[in-house]
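A.B. asks: This is the structure I want to talk about, given as structure tokens.
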Amino acid sequence: MKIIMLGAPGAGKGTQAKMIAESYKIPHVSTGDMFRLNIKNGTELGKEAKQYMDQGLLVPDELTVRILLDRVAQDDCKNGYVLDGFPRTIPQAEVLEEALNKLGDKIDYAIDVEVPDENIIRRMGGRRACTSCGATYHIEHVPPKKEGVCDQCGQELVLRDDDKPETVEKRLRVYQEQTAPLLEFYSSKGVLRSVDGTQDMQDVFKAIEEILK
Ligand code: AP5
Ligand code: MG
Ligand code: ZN
């Protein structure tokens, strides 16, 4: 099964993608996580991506497409995957479609997690991310057992650089301009499904399970 998670920054794509990946035993492929790992490891790719990410801008398509196609060509992606944060522009969606076409394959579902902007700004301020394993928490909704420490690996939790309110607003504008057109793109292919992302995260997941059944 090949699934795309759509939705504004902070809608809960990552949260749901991890739940899907675990439940359906498919890899969770997040371009944002891949960029953050490269930044942490100080790679050239990371240095380049950081310049854009810190400003709330998208990383150029060329760079993004390259790392994504490399990733989904790996063995563990043979039986499917859940894409989180990719595609984010029409050209990215077209490249993915073309790559899948060549394999006689296609996307099964594009799931839009719908959350209004007001909720999003509140959520992002409370998000804390692990500097080591990428696990995410929320100070109210999903607090770690010990404040500031990752439950999974014991490393430090931080507010992401791009989760400051000014940058979140910028990311929301970029989403409207560059990513929202994908809703029409996938709707026209008949694979778009929407879920109400303002619900409790377990209920959002139940709605997704109904779709994937
Ligand atoms: P990326 O990492 O993809 O960030 P994003 O899309 O901005 O999304 P987030 O990770 O911020 O939010 P999310 O929807 O995953 O929400 P989460 O589950 O964490 O990208 C970062 C940057 O990398 C981009 O800005 C861009 O520069 C670059 N980039 C990445 N991919 C790219 C691409 N394809 N092309 C170009 N550039 C690219 O949830 C948010 C918070 O809410 C958490 O604290 C969570 O615990 C909480 N929460 C989740 N669900 C619920 C719920 N139901 N109720 C209450 N709280 C909830
Ligand atoms: Mg995410
Ligand atoms: Zn961790």
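The values are calculated or read from the model by the stated rules, or taken from the named source; none is laboratory data. Because the structure is predicted, anything quoted here is derived from the model rather than measured. Neighbour counts run over all protein chains shown; Cβ positions are idealised from the backbone, glycine included. Accessible surface areas use protein heavy atoms only, side chains included; no ligands, DNA or RNA. Shrake-Rupley method; radii C 1.70, N 1.55, O 1.52, S 1.80 Å.
A.B. asks: Quick one: work out the % antiparallel among DSSP beta bridges in the chain, nearest 5.
C.D. replies: Bridges in the chain are about 30 percent antiparallel.
A.B. asks: Of Thr31, Thr131, which has the most accessible area and how do the rest follow, probe 1.4 Å?
C.D. replies: Descending accessible area places them as Thr131, Thr31.
A.B. asks: Could I ask something else about it? With a sphere of radius 11 Å drawn around the Cβ of Arg127, what net charge do the other residues whose Cβ falls strictly inside it have (Lys, Arg +1; Asp, Glu -1)?
C.D. replies: Residues near Arg127 contribute +1 overall.
A.B. asks: Got a sec to turn the phi values of the stretch 122-127 into Karplus ³J(HN,Hα) couplings, 6.51 cos²θ - 1.76 cosθ + 1.60 with θ = phi - 60°, whole Hz, x for Gly and Pro?
C.D. replies: Coupling constants for the stretch 122-127: 5, 4, 5, x, x, 6 Hz.
A.B. asks: Can you tell which of Ala49, Ala73, Ala93 shows the greatest fluctuation in a Gaussian network model of the chain with Cα springs below 10 Å?
C.D. replies: Ala73
A.B. asks: Can you list the HN-Hα couplings for the stretch 16-26, worked out from phi with the Karplus curve (6.51, -1.76, 1.60; θ = phi - 60°), rounded to whole Hz and with x for Gly and Pro?
C.D. replies: Going residue by residue, I get 6, 4, 5, 5, 5, 4, 5, 6, 9, 6, 10 Hz, with x marking Gly and Pro.
A.B. asks: Stick to Cα atoms and the Kirkwood definition of Rh, then tell me Rg/Rh for the stretch 17-81.
C.D. replies: 1.02
A.B. asks: Accessible area per residue of the stretch 56-185 at 1.4 Å probe, in Å²?
C.D. replies: Result: 55 Å² per residue.
A.B. asks: Right, something else. With every protein chain kept in place and ligands, DNA and RNA left out, what is the accessible area per residue of the stretch 6-48? Probe 1.4 Å, answer in Å².
C.D. replies: For the stretch 6-48, the solvent-accessible area averages 43 Å² per residue.
A.B. asks: While we're looking at this one, here's another question. Once you have a ≥ b ≥ c as the square roots of the Cα gyration tensor eigenvalues for the stretch 50-101, tell me rounded if a/c is under 1.5, and otherwise prolate or oblate according to whether a/b is larger than b/c.
C.D. replies: prolate
A.B. asks: While we're on this one: What is the percent carbon and sulfur in the accessible area of the chain, measuring with a 1.4 Å probe over the protein chains and ignoring ligands?
C.D. replies: Solvent-exposed carbon and sulfur of the chain make up 49 percent of the total.
A.B. asks: List the relative contact order of the chain as a percent without decimals, with contacts defined as Cα pairs under 8 Å and 6+ residues apart.
C.D. replies: RCO, the chain: 29 percent.
A.B. asks: Another one. Select from Lys145, Lys13, Lys106 the residue whose mean-square fluctuation is largest in a Gaussian network model of the chain (Cα-Cα springs shorter than 10 Å).
C.D. replies: Among Lys145, Lys13, Lys106, the largest mean-square fluctuation in the Gaussian network model of the chain belongs to Lys145.
A.B. asks: Determine one quarter of the surface area of the Cα convex hull of the stretch 1-143, which equals its mean projected area, and express it in nm² to one decimal.
C.D. replies: In nm², the orientation-averaged hull projection of the stretch 1-143 is 8.8.
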